[in-house]
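The structure under discussion appears below in the form of structure tokens.
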């Protein structure tokens, strides 16, 4: 017999699903995303499978609903490779269609195709034989992955005719294969892949083809770049042409005579149609049908003017808050964190989400036991969108911010900061807070001490080997060898990394000190303005506040930090171990006066490296897109910043174009 809590949960789910089914199928006014609705339905079905006595004939689960890598060889592409601009709403797509019509001088029809969430690969055939497969890379230089592409069953070694051909396509990992692969990795205790796209990229970019051969990779070809035979006249003809040659083509593409048909196709694949296919989708692509019109429209520095990707909305799911705990930051700020029933969202398993502050919790009335809608809106940070109060258990009570926490050390007292939504420990310096400071200090954004990560820092603190920044530089190899998990090689590497970190640019040191509000861009401004740590330490709050880009809040924070006797003493001890290098601001560079935002994963540069190059070129590296942004540098998985750039009409470029701008 089903327990009482399962019976009550099933009843609430049936009522909620019936309401939302009516909103969706009858009123055409849904209040939940498709993925959130599906998640609720899956939960009810699971309860029914476990407890058959809970099945009701009128439930939506029982009836038809409705009322009627560097080691790889580098290769130069014979044809420059591009990525697509993105649209996120109907108005952006209509604006694209209007640009196409004006530029081409006539209304155009489109070929619409599914946007596979995989890795772009360029296939080159000579006299019908596969001679090279290469990743897109920076659009000019890619990686030779021919040895791995040959293991993909759907990619032919020989074409039907001895044609010279360059074709572009997508290599992907099937969704079922991804689930199986992660299950096997979990059994072996190996790290799980974040999503199918990363798993596919990791498979195709291996040195050992046996790894790719062992994974269920597939491929679709979607464009002809070059051919020794007469070039097809339309995009649809291109797909038919490569299919006739024996290359794999996704059969789900469709001709569209109007945007209305494009929207209909998008709506179809945004919903239940996605469950029919065994690959991950993140939108559709529409391309001008006529190749003559495509040639007329041409390309921007980043993308074709004749094509655009129309992305699906962020995936939403439902899950349950099992607990709310606190997390202390390196400045003593306490953040409530929701511990969730683990759930897959946008290809990643999520078990925690920040609740920001007390006001956020009160505004959404979030309680332990609540069922919530969760999403990852483009970026990697999960967020709680709403609470499904219809599913709230009777025992749920409003969550109250505690007055004390063991995270705070001492008396453990918590205080709310006057005039802010933030809570802080009344006395700074708990073990957890200090650990976060030290981890940040040794991290890649600051002194970048390789091998001095979270677990190592906590171990060193627990063994009383370090308590503050300067202690790191007094560690000896013998002390490390006495610790569990440290052998000769590991200890030697950490000692060498600490030695290398003794020379540090001023801005990196300022980042590492955990001064409130001082991030990478602010640290760079302070370092270039004052030149030395001594000069900065003497600066008044007023002088700091007058610096462009600093302002009164940061100015006060920096001045207060340097006035503190304990901080001054710590800095004096630390400087005995360090040689602090000046950070020179270019008098004038190619990006002088420009504000740049970097988002997503770039092909060769990390975000930190790209932002450093912006600053070295005289520009400002900003964290968010605004009307003041000059342009956005976007890589893979760019997130909401790309959408914001689209809303504001901010130019978006790829890494290759960015590097060219740095040279001018």
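Computed from the coordinates by the stated procedures, all read-outs in this text should not be read as laboratory data. None of the values given here were measured: they were computed from a predicted structure. Cβ coordinates were reconstructed from backbone atoms using ideal geometry, including for glycine residues, and neighbour counts include every protein chain displayed.
So for the range 348-399, considering every pair of alpha-carbon atoms, how many percent are separated by more than 16 Å?
Working: 544 of 1326 pairs.
Everything past 16 Å amounts to 41 percent.
Which distance in nm do the two modelled labels at residue 628 and residue 106 give, with both placed 7 Å along the Cα-to-Cβ direction?
The two pseudo-label positions are separated by 4.8 nm.
Taking the number of other C-beta atoms within 10 Å as the exposure measure, put 92, 663 in order starting with the fewest. Mind showing how you got there, number by number?
Working: 92 18, 663 7.
Lowest to highest Cβ neighbour count: 663, 92.
When N counts the residues of the range 310-435, how does its alpha-carbon radius of gyration compare numerically with 2.2 N^0.38 Å, as a ratio? Intermediate results must be reported in sequence, preceding the final value.
Values: Rg = 15.8 Å, N = 126, 2.2 N^0.38 = 13.8 Å.
Ratio of Rg to 2.2 N^0.38 Å for the range 310-435: 1.14.
Using only the alpha carbons of the range 431-578, what is the convex hull's orientation-averaged projected area in square nanometres? Walk me through the intermediate numbers first.
On the way: hull surface 33.3 nm².
Value for the range 431-578: 8.3 nm².
Can you say what percent of the DSSP beta bridges in the chain, counting only those with both residues inside, are antiparallel? Round to 5. Spell out each step's value before the answer.
On the way: 73 of 87 bridges.
Roughly 85 percent of the DSSP beta bridges within the chain come out antiparallel.
By its C-alpha gyration tensor, with a ≥ b ≥ c as the square roots of the eigenvalues, how is the range 624-664 shaped: rounded for a/c under 1.5, else prolate for a/b larger than b/c, else oblate? Provide the component values of the computation, followed by the final result.
Details: a/c = 2.79, a/b = 1.47, b/c = 1.90.
Judged from the Cα gyration tensor, the range 624-664 comes out oblate (a/c at least 1.5, b/c at or above a/b).
Using helices alone, what [θ] at 222 nm do you get for the chain, with -39,500 (n - 2.57) per DSSP H run of 4 or more residues, divided over all residues and rounded to the nearest 500?
-10500 deg cm²/dmol
Given the peptides 247-254, 303-310, arrange them by the average over their residues of other C-beta atoms within 10 Å, most packed first.
303-310, 247-254
From the Cα gyration tensor of the range 75-311, with a ≥ b ≥ c the square roots of its eigenvalues, which class applies: rounded if a/c is under 1.5, or else prolate if a/b is larger than b/c, or else oblate?
oblate
Using only the Cα atoms, what convex hull volume per residue in Å³ does the range 520-600 have? Spell out each step's value before the answer.
On the way: hull volume 10.9 nm³, N = 81.
Hull volume over Cα atoms, normalised by residue count, gives 135 Å³.
Give the order of 624, 386 when sorted by the count of other beta carbons within 10 angstrom, beginning with the fewest.
Lowest to highest Cβ neighbour count: 624, 386.
Apply 1/(1 + (r/R0)^6) to the Cβ-Cβ distance of residue 573 and residue 207, taking R0 = 51 Å, and write down the FRET efficiency to the nearest 0.05.
After rounding, the FRET efficiency stands at 0.65.
Could you run the Debye sum over the Cα atoms of the range 595-663, one equal point scatterer each and no solvent, and tell me log10 of I(q)/I(0) at q = 0.11, 0.22, 0.28 Å⁻¹, two decimals?
-0.21, -0.87, -1.42
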